[in-house]
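Reading through the structure tokens given below for one structure.
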Amino acid sequence: MSAPVQDRGTTGDSPSPSSAARAVQRVTAVPLGTYQSAVVRIGVSATYLLFLLRELPHRRELYGPDGPWQWDMARRLISNNDSFTVLMWSQSAIWFEIVYALTLVSAALLMVGWRTRATSVLFMTGVLSLQNRSIFMGDGGDNVIHLLAIYLVLTRCARVWSLDARRAARNAARLAADSRPARDVAGPALWAVLGLVLVPATVLGGLGGTWWLPSLLWVLWLGNGAWWALNRRAPDHELRTLLDVLANLAHNAGLVVIMAEVCLIYATAGWYKIQGSRWQDGTALYYPLKLDYFTPWPGLSGLLASSALAVMVLTYATVIVQVAFPFTLFNRRVKNVLLVVMIGEHAGIAVLLGLPFFSMAMIAADAVFLPTVFLVWLGGKVALGRQRLSSRRRGKAVVPGPRRADADEQEAARTGAGGGHTLVG
């Protein structure tokens, strides 16, 4: 009598199909790292907003008609490298002021998470336009913002801590109470205006010589229009579910790319430092501390430079941390420790070397690795502080208890707030 044949799919000899299905479902059903992407969104947009405000008196010399990099010179360079900037559409000073103002506004709106699908595209357009207009004005921080502005377009970075999430939570509460959600007027109007700009820009060749930018803009514009129509007419249609899956895949892929980009930045910087003799003998840190351009606090910089031991420790610690960080992702505790060290290092660079915006950009990029538990705790503390401040202004005492914002954020995460469920939202 022969033994019964076992189904190998149910034994431990091979991976269970159900586990693979659960993994696929997790990647496609929900956007991962919603708190991390929200912190990256806030950090990047706040960094560039503050930079544009600081350089407001010098904007024409940096990126405008009064700069040393003239319009004709920029046009010749852009025709060779096929980069994109709307500042090449016209030499008018008025056009430059409009682009600069729109970039400022889009950075502020992206920071608070208003119509994030649209404002992230406008922010990316403004960043690319200004930086590609005068490419020699930037530094490493500008390069990080340049890349993250593109990646943020793919993410659903307004699921929490945004006006989009708050609006979606209110609409969900209205639906639960058997009432119609609030009428969306700003979304369709903004979508129509962006379409009126996108069509002539594509036809007249104003989107540069690359293929990816017009393709990305058209996919986003048409996808948001289809999403809005399905939500309005057939919210339970299979095509609506498919669009949701595609949005989740794009978000998760964009988040992975941001993580890989941060690891690549630190790995390449660390390995190049190892190969240089200046980082082996400590002079790479010593010399900047003696330059007037990099010493906003001469007394503090001189005190640090006078200690050979401190300079050597900081030099080797920087190299070790940068080289080791990509490998620490396999151990959560070690990763968190090095993450704190790197954030502290960038804070020190901002103070000692006078590079605040470079440090802010790198800290915003590092935030993609922050643990969710810490971010939820931090959000609770910020909300409690805001509640206490508003209560003091009204002369009322604050009674500690469950925070309403937590319920709103959980409802927004469950219903997909800020991820494009409303038109250009």
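Under the rule a/c < 1.5 gives rounded, and otherwise a/b versus b/c splits prolate from oblate, where does segment 252-333 land using the Cα gyration tensor? Taking the square roots of the gyration eigenvalues as a ≥ b ≥ c, segment 252-333 is prolate. Within the accessible surface of segment 84-185, defined with a 1.4 Å probe on protein heavy atoms only, the carbon and sulfur portion equals 64 percent. Given R0 = 41 Å, the distance between the Cβ atoms of ALA177 and VAL105 translates into a calculated FRET efficiency of 0.75.
Mean silhouette area of segment 169-228, derived from the convex hull of its C-alpha atoms and averaged over all directions, reads 5.0 nm².
Normalised radius of gyration (Cα atoms, divided by 2.2 N^0.38 Å) for segment 296-387: 1.29.
Above 17 Å, the calculated P(r) of segment 194-288 contains 70 percent of its Cα-Cα pairs. Note on the chain: GNM, Cα springs under 10 Å; of SER134, SER18, SER45, the largest mean-square fluctuation is that of SER18. Anyone know which of ALA250, ALA308, ALA226 comes out most mobile in the 10 Å Cα GNM of the chain? The residue with the greatest mean-square fluctuation here is ALA308.
Here each label is just a point 7 Å from Cα along the line to Cβ, and for ALA383 and LEU222 those points are 3.9 nm apart. For the chain, the fraction of alpha-carbon pairs lying more than 28 Å apart is 58 percent, rounded to a whole number.
Normalising the average separation of contacting C-alpha pairs (under 8 angstrom, six or more residues apart) by the number of residues puts the relative contact order of segment 195-317 at 13 percent. Distance between the 7 Å Cα→Cβ label points at ARG394 and HIS58: 4.5 nm. Heavy atoms of the protein chains alone define the surface here; on that basis the chain has 55 Å² accessible area per residue at 1.4 Å probe size.
Were the residues from ASN331 through ALA253 laid out at 0.36 nm apart, the gain over their Cα-Cα distance would be 25.9 nm. The slack in the chain from GLN91 to PHE294, taken as 0.36 nm per residue of separation less the alpha-carbon distance, amounts to 69.6 nm. For the listed peptides 175-187, 106-118, a ranking on the average number of other beta carbons within 10 Å per residue, highest first, reads 106-118, 175-187. One decimal place: the segment ARG278-SER215 gains 18.2 nm when fully extended, by the rule 0.36 nm per residue minus the C-alpha distance. Modelled spin labels at THR28 and VAL199, positioned 7 Å past Cα toward Cβ, are 3.5 nm from each other. With Kirkwood's inverse mean 1/r over C-alpha pairs for Rh, give me the Rg to Rh ratio of segment 87-244, two decimals please. That ratio equals 1.00.
The values are calculated or read from the model by the stated rules, or taken from the named source; none is laboratory data. What you see is a predicted model, and the numbers here were worked out from it, not measured in a lab. As a convention, Cβ positions derive from the backbone with ideal geometry for all residues, glycine included, and neighbour counts pool all protein chains shown. With ligands, DNA and RNA removed, areas are computed over all heavy atoms of the protein, side chains included. Shrake-Rupley method; radii C 1.70, N 1.55, O 1.52, S 1.80 Å.
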